[in-house]
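Have a look at the structure below, then the notes.
Where a number appears in this text, it was derived from the coordinates with a stated rule and is not lab data. A quick note: this is a predicted structure, and the numbers were derived from the prediction, not measured. Because the Cβ atoms are built from the backbone with ideal geometry, glycine has one as well, and the counts that use them run over all protein chains shown.
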Amino acid sequence: MEVLMINTVPRVGRKGEFKTVAEGFARNYLFPRNFAIPATEGAKKHFNLMKDSWEKQILREKQMFAELAQKIEGTTVTITRRAGDKGRLFGSVTSAELAEEIKKASGVEIDKKLVVADHIKEVGEHDVTIRFTGEVKAALKIVVVAEVKKD
């Protein structure tokens with residue numbers, strides 16, 4: 001079944017694309033969640049009218065993300081956590097915690113889903129990438145410091 005994607009769905013299609021998908025997938029998943037509509041003649045005409053608007057919106061979003069990436073790029077964030085004698089953390093630093101610390105350091109609020117990092121489980125410097133879109137990314141350093149024991 002051919003559908004017109006009205007929202008981007010990872011691994012399925014991007015907004016504005018015509019895709020051929022299984023009929024059950026379209027009927028049970030894409031249509032109820034307003035991710036796609038059937039690709040009828042009316043939908044194709046409507047798509048041609050909306051295409052310019054969508055392209056302008058995508059361009060505005062890319063520019064906004066590029067500005068945010070420029071603010072974050074090269075920032076160093078310091079996080080203090082409890083650690084063992086050999087530098088292993090008790091637990092790990094999560095992407096939600098990283099997003100919160102980035103917000104404190106740079107004033108830019110980002111979603112935790114945009115943070116691309118391995119599990120940080122040791123004291124030291126770690127490289128983290130913030131992926132806003134496929135093309136717009138920002139790299140920063142996270143410095144994890146062991147909490148000083150108070151006697």
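Among the listed residues Lys113, Lys62, Lys51, identify the single one that is surrounded by 11 or more Cβ atoms within 10 Å (Cβ to Cβ), under 15 Å from the mean Cα position of the chain (by Cα) and under 30 Å from Gly16 (Cα atoms). Outline the logic, then answer.
Working: Lys113 fails: surrounded by 11 or more Cβ atoms within 10 Å (Cβ to Cβ); Lys51 fails: under 15 Å from the mean Cα position of the chain (by Cα).
None of the other options fit; the residue is Lys62.
Sort out for me the strands (runs of 3 or more DSSP E) sitting completely within the range 1-44 that have 1 or more residues that are in contact (Cβ under 8 Å) with a residue 40 or more places away in the chain and surrounded by 15 or more Cβ atoms within 10 Å (Cβ to Cβ). Correct list: 2-5.
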